[in-house]
Amino acid sequence: MEALQNFLEWLGGYVWGAPLLILLGGTAIYLSFRLLFLQVHMLPMALKQAFSPPKDHEKDHEGDISHFGALMTALSATIGTGNIAGVATAIVSGGPGAVFWMWITAFFGMATKYGEAVLAVKYRITNDKGEMSGGPMYYIERGLGIKWLAVLFALFGVLASFGIGSSVQANSVAQAIQASFHVDPWITGAALTVLTAVVVLGGIQSISKATSFIVPFMAIVYVLGGLAIIFLHYDRVIPAVELICRSAFGLDAVVGGAIGTAIRYGVARGVFSNESGMGSAPIAAAAAKTDHPCRQALVSMTGTFLDTLVVCSITGIVLVIGGLYATSGDTGAALTSHTFNDLLPGPGGWLVTFGLVFFAYSTILGWCYYGEKCAAYLGGEKVVPIYRVIYVVTVLLGAGVNLGLVWAAADVFNGLMAVPNLIALLLLSNVIVSETRDFIQKRRSGELH
């Protein structure tokens, strides 16, 4: 097992090397310029669209779930262990400067998330059950006509779902509950397995209903707890932000650390958290009821903003304020829990534990939908029940395996999954720009509200 972990860590370092970082960052920056930085000037409209109740005429639009439901399904898969354990891992491995590179990744990544969703809705299809199916595998095949690349993405998507979707989440929950309540990880895994099976068997409608309740509730509670810590220790906030910025460029003599390491872990954990460029979120976007691809794309874009620039930022600033990352020897969720408890004695540690449980559970649900859509693309709708059974089993197995092994495998498959999607985004960038211009023109003319 140790040899396998060492191999996966080596492979992860190779996959997340300079070529992928350049591809991720280059695609995000390129789309940002081509879309005239719409993640800035259209963000207010996007947030309003995301959280406004659907109007009567919108209920008849083609699709399976509302804009909000699609956003919550996507956020369920993004707001998870990456926001709690992933940020802590990035800081321990790459120094406080990793948080800065998470911010940069998220800012430009909003354009990537927007582009993914535009293509997902434009090239989606209606499957044999009358449900929407979309995502990179469909816009790669239908937009580019490169079937083998679409198959490659779908294959990596299935494998990634067993890592980032089920195993990582279950493992983090099991470890957190064991630390707080001394419950055996296998017992936690069994409970998670049952709870997962109950929801995922109902498909996207069931998953959307569950995540639309869990995600907003727990995100608000976690954010308020983090803001309380920042308020109580407001005198440390500016020094913490200064440390993050200095160490991002290797300018802090005490913290040290190579710039390349900070960038690598900041970008990798940032992408792990908000999934911009990975191609997972557009699978949920394709299910949304919408009258234009760009309307749902704007909603999808807010997912990156909320996940990284809000939730991850709060975690990162609290961790740097606490300073335990440099002295305690902890990592992952344990470091976040101990830091919250140290800065907010009593409720702090509990907040992280329950936040991790709910975030991870919702991520398990969201990623099951992603994985089954990839599996259905590869083998048809008949393989979906088989996939769901395997997925549920990996939840149980993930709870009891080594954390390092699970994270190493997740890093590898996340990186491999991103490559075909980023290639498609670059080659179909003209389509993204054209659809955006069409949307803006129709809004100006009154054809669209």
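Positive end of the charge dipole of region 229-380 (Lys, Arg +1 and Asp, Glu -1 on Cβ, about the Cα centre): tell me which of Ile364, Ser328, Thr339 has its Cα farthest that way. Of the options given, the answer is Ile364. A straight line joining the Cα centroids of region 370-445 and region 327-368 runs 26 Å. Apply the Debye scattering formula to the chain, with a single equal point scatterer on each alpha-carbon and no solvent, then give log10 I(q)/I(0) at q = 0.09 Å⁻¹. Values, matching the q order: -0.51. The fraction of accessible area contributed by carbon and sulfur in the chain is 67 percent, rounded to a whole number (1.4 Å probe; ligands and nucleic acids excluded). Rolling a 1.4 Å probe over the heavy atoms of the protein chains gives the chain an accessible area of 37 Å² per residue.
What do you reckon, how do Cys245, Cys368 stack up by accessible area (1.4 Å probe), largest on top? The partial results should precede the final answer.
Details: Cys245 50, Cys368 0 Å².
Result of the area sort, largest leading: Cys245, Cys368.
With a cut-off of 12 Å between beta carbons, the residues surrounding Thr336 carry a summed charge of -2, where Lys and Arg count +1 and Asp and Glu -1.
Counting Lys and Arg as +1 and Asp and Glu as -1 over every other residue whose Cβ lies under 10 Å from the Cβ of Trp101, the net charge comes to +2. Relative to its Kirkwood radius, the Cα radius of gyration of region 353-449 gives an Rg/Rh of 1.13. Largest GNM mean-square fluctuation among Gly277, Gly380, Gly400, using the chain with Cα springs under 10 Å: Gly380.
Thr304 sits with roughly 0 Å² accessible to a 1.4 Å probe, with DNA, RNA and ligands left out of the calculation.
Report the rotationally averaged projected area of region 98-199 based on its alpha-carbon convex hull, in square nanometres. Mind showing how you got there, number by number?
Numbers: hull surface 38.6 nm².
Averaged projected hull area, Cα only: 9.6 nm².
Select from the chain the helices, each a whole stretch of DSSP H, whose alpha-carbon atoms run 30 Å or more along the helix axis and whose Kyte-Doolittle mean is at least -1.0; answer none if there are none.
Details: long enough: 97-122 (38 Å, 0.97); 203-232 (43 Å, 1.74); 347-379 (47 Å, 0.80); 403-427 (37 Å, 1.74).
Passing helices, by number: 97-122, 203-232, 347-379, 403-427.
The charge dipole of region 308-449, taken about the Cα centre with unit charges on the Cβ atoms of Lys, Arg (+1) and Asp, Glu (-1), comes to about 400 debye, rounded to the nearest 20.
Ranked highest first by average number of other Cβ atoms within 10 Å, how do 442-449, 295-302, 371-378 line up? Please report the intermediate quantities before stating the final value.
Numbers: 442-449: 11.4, 295-302: 28.1, 371-378: 24.6.
Result, highest mean Cβ count within 10 Å first: 295-302, 371-378, 442-449.
In region 323-379 the Cα-Cα distances spread across 10 Å bins starting at 0 as 22, 32, 21, 16, 8, 0 percent of all pairs.
For region 147-286, the equivalent ellipsoid built from the Cα gyration tensor has semi-axes of 33, 24, 17 Å, listed from largest to smallest.
With Cα atoms defining each centre, region 1-19 and region 132-186 are spaced 18 Å apart in the structure. Only protein heavy atoms count here; on that basis, with a 1.4 Å probe, Met132 has an accessible area of about 10 Å².
The values are calculated or read from the model by the stated rules, or taken from the named source; none is laboratory data. Predicted model only: the values in this text are computed from it and were never measured. All Cβ positions, even for glycine, are placed from backbone atoms using ideal geometry, and neighbour counts span all protein chains on display. Side chains are part of the model used for accessible areas, which takes the heavy atoms of the whole protein and leaves out ligands, DNA and RNA. Shrake-Rupley method; radii C 1.70, N 1.55, O 1.52, S 1.80 Å.
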